[in-house]
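I have placed the structure first, in the form of C-alpha cells, so that the comments after it can refer back to it.
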Amino acid sequence: SSITKYWPQLVKTKSDIEEEKQAKEIEEYSEEKFVNSNPNMKELYITLKSKILELGNVVVEPKKLYIAYKRNTNFCDILFRKNKIVIFINLPKGKLNDPENRCEDISIKGHWGNGDYAINIYSEVDLEYVVGLIKQSYNIN
C-alpha cells in the first residue's frame with residue numbers, strides 16, 4: 001500500500017510487536033530497576049539479599065511491583081519504599097514465631113506480596129532478626 005511505501009516504520013509485523021513487548025517486560029521486571037530507583041536502600045538491600053541467598057537453593061525473581069524470593073514457591077517478597085524496605089513473609093496468620101511482635105498482620109489488607117505478614121526494615125540493625133523470620137517461611141515454602 002502507499003502508506004508502507006512512504007512510511008514503512010508505521011507498519012509493524014507480529015514479530016515486531018512481540019519483540020517490543022518482550023523488551024519492555026525485561027526492562028520492567030529487572031532487579032536493577034528497583035535498586036536504582038531507591039539509592040537510599042541499595043546497600044541495605046544488597047546485604048539483605050546476600051543473607052537470604054546464604055539459605056541456599058534460592059531463586060530471585062523480579063516482578064512488576066516487587067522482588068520475589070523463591071525456593072519451591074515464594075517465601076518472601078521485597079518491596080522498596082523511599083526510606084525502608086518492606087518484606088512480605090509468606091506464612092499464614094498464626095504460623096510465624098515473631099517474639100518481638102515486629103511484624104504487621106496484613107491478612108485482611110490488600111497488598112502486593114504473598115503471605116499474611118509484613119515487616120519494615122530501615123537499617124542493617126534489623127537484619128539478623130528479619131532473616132530469622134524469613135528463614136521460618138523458607139523452611140516451609
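Things worth noting here:
- Local electrostatic count at Tyr69 - Lys and Arg +1, Asp and Glu -1, tallied over other residues with Cβ under 9 Å: +1
- Calculated FRET efficiency for the pair Asn139/Ser50, C-beta based, R₀ 25 Å, to 0.05: 0.85
- Summing +1 for each Lys or Arg and -1 for each Asp or Glu among the other residues whose beta-carbon sits under 12 angstrom from that of Ile140 gives +3.
- Here each label is just a point 7 Å from Cα along the line to Cβ, and for Asn120 and Tyr29 those points are 3.0 nm apart.
- Fraction of accessible area attributable to carbon and sulfur, the stretch 61-140 (%, probe 1.4 Å): 46 percent
- Gyration tensor verdict on the stretch 28-141 (Cα atoms; rounded if a/c is under 1.5, prolate if a/b is larger than b/c, oblate otherwise): rounded
- Cα gyration tensor shape for the stretch 77-122, rounded if a/c is under 1.5, else prolate or oblate: oblate
- Between Lys93 and Lys63, full extension at 0.36 nm per residue minus the direct alpha carbon distance yields a gain of 8.4 nm.
- Theoretical gain in end-to-end length, Thr73 to Ser37 [0.36 nm per residue, Cα-Cα removed]: 10.3 nm
- Protection proxy ranking of 100-109, 48-57, by the mean of other Cβ atoms within 10 Å over each peptide's residues and highest first, is 48-57, 100-109.
The values are calculated or read from the model by the stated rules, or taken from the named source; none is laboratory data. Because the structure is a prediction, the values reported are computed rather than measured. Virtual Cβ from ideal backbone geometry, glycine too; neighbours counted across all protein chains shown. We work out accessible area using only protein heavy atoms, side chains counted, and drop any ligands, DNA or RNA first. Shrake-Rupley method; radii C 1.70, N 1.55, O 1.52, S 1.80 Å.
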